[in-house]
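Okay, structure first, notes after.
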Amino acid sequence: MGSDSDDAEMADNGLRLKLAPFKLEHLQDYEPGGHHPVQLGDTLGDDGRYIVVHKLGHGGFANVWLCRDTRAQPLARYVALKILMTDVSVEEKCSELRVIHQLKAWSDAESASSKGAGYICLPLDKFDIDGPNGTHYCFVYPVLGPKVSLGLCRGSEDPDLVLRSVCFKVVEAIAFLHGHGMCHGDLTPINILHRISGLDGLSEDALLKTLGEPRRNKIYHRDSESDNHDNPSAPQYLVYPIDWHAVDSKYISSDPCVIDFGESFTASQPPEQLGIPGPYRSPELILEHKAGYGSDLWALGCTLFEIRTGRRLFDMFDDEDDVYLDAIVEVLGKMPEPWWSTTWAERKRLYEDQADESGKAIAVGDEEQHDVMGVNVTVHPSVAQVARSLMDKLAPGLWHLSDERDCHREVSYRERELFADLLGKLLTYAPEERISAEDALQHDWFKYEER
Ligand SMILES: Nc1ncnc2c1ncn2[C@@H]1O[C@H](COP(=O)(O)OP(=O)(O)OP(=O)(O)O)[C@@H](O)[C@H]1O
C-alpha cells in the first residue's frame with residue numbers, strides 16, 4: 001500500500017488509487033448511479049456471452065471494454081462493450097438509445113446506396129446489466145482503433161492523399177446523418193476513430209501480444225491495512241486503455257468511423273444546449289444556444305482542419321466562450337449583427353465597432369499590444385502566429401506533435417487555397433448559409449491532386 005504522498009486520488013467513498021489517475025475514469029464515479037465495476041476476465045451479457053479482455057476507453061458517461069464474444073466459434077471475434085452509468089441508463093436521458101436503432105434501420109435499408117452509413121459506428125446488440133450501482137445500458141459495437149489520423153502522418157505512403165480521403169469519408173458520414181434529418185451534436189476528432197482489421201481470429205493471448213497487456217492501477221481503502229477493499233461499488237483496480245501508438249499500424253485501417261451519439265438529435269427538435277467541447281462550438285451555439293445542421297457543419301469545419309493539419313483550428317488555453325469568440329473573430333473577421341453590437345457583450349472591450357476595409361476586426365489597443373509583445377517572441381513553428389485568415393492558419397502545414405517524434409509536412413499553396421475555400425464555406429457566420437455536407441462532397445479540394 002502506498003504512503004500518503006503516493007496517493008494520487010482520494011474519492012469521497014474513502015477509496016484511493018495507487019498510481020496517478022491520468023487517462024482513467026474518475027474513481028468517485030464508482031457509486032450507486034455511476035459506473036458498473038468491471039474487472040478483466042468478467043463475463044457479461046446473456047449466459048456470460050462476453051468476456052472482458054482489455055479496456056478501450058472512457059467518456060463522461062461510459063466505459064468501453066474490449067471483449068471476446070464466446071458465441072463466435074471456432075474463430076475468436078472481438079467486440080466493444082460500452083457500459084453507460086446508471087444515471088443515464090434511462091430512456092428519456094439516453095439519446096444514444098433512440099438514435100442508434102434509427103441509424104441501424106436506415107443503414108440496413110440502404111446499405112448499398114449510401115457510403116456514409118459505412119463510416120458510422122452502428123450497434124451489434126444491446127442489453128442491460130444489473131449491478132451494485134444499478135441497471136446499466138450496455139451497447140455492443142464493433143471494435144475500432146485510435147482517434148482519427150493518429151499515425152497516418154508517418155504510417156502511409158501518401159499521407160496527404162490519405163488525410164484528404166479520410167476527410168471526404170467523414171463528410172460522407174455527416175451527409176448521411178443530415179440526409180435523414182439527424183444531427184450528430186458532438187462532432188470532434190475525439191469522436192472519430194479508425195476502423196481496424198486483423199484482430200478477429202487471434203487467440204486472446206495473441207491479441208494481447210498485439211495490443212499490449214492491460215496495465216492496472218490498484219484501488220485500496222485509506223483506512224484499511226489490506227491491499228483489497230470491500231466496497232462492492234468499485235472494482236479492485238482501474239485499467240489503462242490500449243495505447244494505440246504502440247500497436248502495429250498494419251491493424252489500423254485508414255477508414256474513419258464516427259462514434260458517440262449521446263448528444264445527437266433530430267434537426268426538427270433541437271436541444272437548448274449541447275455538450276460539445278469549446279473549440280468546436282459554433283458562434284450561434286455560444287451566443288444564441290441554437291443547435292442544428294449549422295452547428296454540426298461548423299464542428300465539421302473545425303474537425304476537417306484538425307484531421308488535415310494535425311492542429312486545432314481554435315486552440316485556446318482558457319476554455320471560455322469569450323476566448324473562443326475572440327479567436328474566431330481574429331481569423332474570420334467581424335461578426336454580423338446583432339451579434340457584433342448587441343449579443344456578444346464582451347465584444348466592445350476587445351474590438352472596435354468598425355472593421356477595416358477588408359472586414360477584419362480591429363482589436364482595441366491593437367498597436368500597444370503589439371509593441372508590448374515585441375518582435376522577438378519565439379514560438380513553435382506549428383503555431384500560426386497572428387493568423388488573420390484561414391490561409392494564415394493553414395500556413396504551417398501538417399504537424400503531428402502527439403506522435404513520439406514530431407511529424408511535419410508542408411501543404412502546397414494551391415491545396416491550402418482550395419482547403420481554405422471549403423473551410424470558409426463551412427465556417428460562414430450565418431448558419432443557414434453554410435455549405436451542406438452533401439454539397440461539400442463536390443468541392444474541388446476533394447479532387448485536388450499533387451502534380
Ligand atoms: N467502438 C469502439 N471501439 C474502440 N474504442 C471505442 C469505441 N467506442 C468508444 N471507444 C473509446 O471509448 C471512449 C469513450 O467512448 P464514448 O465517447 O462513446 O463515451 P461517452 O461517455 O459517450 O463520451 P462523451 O463523454 O464524449 O459523451 C472513446 O473516446 C474511445 O476512445
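Of the residues CYS94, CYS153, which is in contact with a Phe, Trp or Tyr (Cβ under 9 Å, 6 or more places away or on another chain) and at pLDDT 90 or above?
Details: CYS153 fails: at pLDDT 90 or above.
So the residue among CYS94, CYS153 that is in contact with a Phe, Trp or Tyr (Cβ under 9 Å, 6 or more places away or on another chain) and at pLDDT 90 or above is CYS94.
So if I check each of TYR141, TYR78, TYR137, which one is within 12 Å of the ligand (Cβ to nearest atom) and farther than 21 Å from GLY262 by Cα?
Working: TYR141 fails: farther than 21 Å from GLY262 by Cα; TYR137 fails: farther than 21 Å from GLY262 by Cα.
So the residue among TYR141, TYR78, TYR137 that is within 12 Å of the ligand (Cβ to nearest atom) and farther than 21 Å from GLY262 by Cα is TYR78.
The rows are residues; the columns are (1) closer than 26 Å to LEU150 by Cβ; (2) more than 23 Å from the chain's Cα centre (by Cα).
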{"site": "ARG195", "(1), (2)": "yes, no"}
{"site": "LYS209", "(1), (2)": "yes, yes"}
{"site": "ARG215", "(1), (2)": "yes, yes"}
{"site": "TYR220", "(1), (2)": "no, yes"}
{"site": "ASN228", "(1), (2)": "no, yes"}
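If you take the residues in segment 62-75 that are surrounded by fewer than 18 Cβ atoms within 10 Å (Cβ to Cβ) and either in a strand (DSSP E or B) or not hydroxyl-bearing (Ser, Thr, Tyr) (or both), which one is farthest from the ligand (Cβ to nearest atom)? Steps first, please.
Going residue by residue through segment 62-75, those that are surrounded by fewer than 18 Cβ atoms within 10 Å (Cβ to Cβ) are 70-75.
From what is left, the residues that are either in a strand (DSSP E or B) or not hydroxyl-bearing (Ser, Thr, Tyr) (or both) are 71-75.
Details: ARG71: 19, ALA72: 17, GLN73: 22, PRO74: 24, LEU75: 20 Å.
Top of the filtered list is PRO74.
Would you confirm, using the coordinates I've provided, whether LEU187 is within 15 Å of the ligand (Cβ to nearest atom), modelled with pLDDT of 95 or more and either of a type in the set (Lys, Arg) or closer than 26 Å to GLY41 by Cα (or both)? Outline the logic, then answer.
Details: within 15 Å of the ligand (Cβ to nearest atom): yes; modelled with pLDDT of 95 or more: yes; either of a type in the set (Lys, Arg) or closer than 26 Å to GLY41 by Cα (or both): no.
It is false that LEU187 is within 15 Å of the ligand (Cβ to nearest atom), modelled with pLDDT of 95 or more and either of a type in the set (Lys, Arg) or closer than 26 Å to GLY41 by Cα (or both).
Conditions: (1) within 23 Å of the chain's Cα centre (by Cα); (2) away from the ligand (no atom under 12 Å from the Cβ); (3) crowded, with 16+ Cβ neighbours inside 10 Å; (4) not in a strand (DSSP E or B). GLU96 meets all but one. Number of the miss?
Of (1) within 23 Å of the chain's Cα centre (by Cα); (2) away from the ligand (no atom under 12 Å from the Cβ); (3) crowded, with 16+ Cβ neighbours inside 10 Å; (4) not in a strand (DSSP E or B), only one is false for GLU96: (2).
Step by step: first the residues of segment 416-436, then only those that are over 22 Å from the mean Cα position of the chain (by Cα) and aliphatic (A, V, I, L, M), then the one that is farthest from ILE328 (Cα to Cα). Which residue is that?
Filtering first and then ranking leaves LEU418.
Filter segment 46-56 down to the residues that are assigned to a strand (DSSP E or B) and touching an Asp or Glu at 6+ places or on another chain (Cβ under 9 Å), then identify the one that is farthest from the ligand (Cβ to nearest atom).
Step one: of segment 46-56, the residues assigned to a strand (DSSP E or B) are 50-56.
Checking the rest, the ones that are also touching an Asp or Glu at 6+ places or on another chain (Cβ under 9 Å) come to 50-54.
Numbers: TYR50: 13, ILE51: 16, VAL52: 14, VAL53: 12, HIS54: 10 Å.
Across segment 46-56, the extreme among qualifying residues is ILE51.
Do we find a residue being assigned to a helix (DSSP H, G or I), within 16 Å of the ligand (Cβ to nearest atom) and touching a residue at least 12 places away in the same chain (Cβ under 8 Å) anywhere in segment 105-114?
Yes, the conditions are met somewhere in segment 105-114.
The values are calculated or read from the model by the stated rules, or taken from the named source; none is laboratory data. None of the values given here were measured: they were computed from a predicted structure. So basically every Cβ, Gly included, is an ideal-geometry build from the backbone, and we count neighbours across all protein chains shown.
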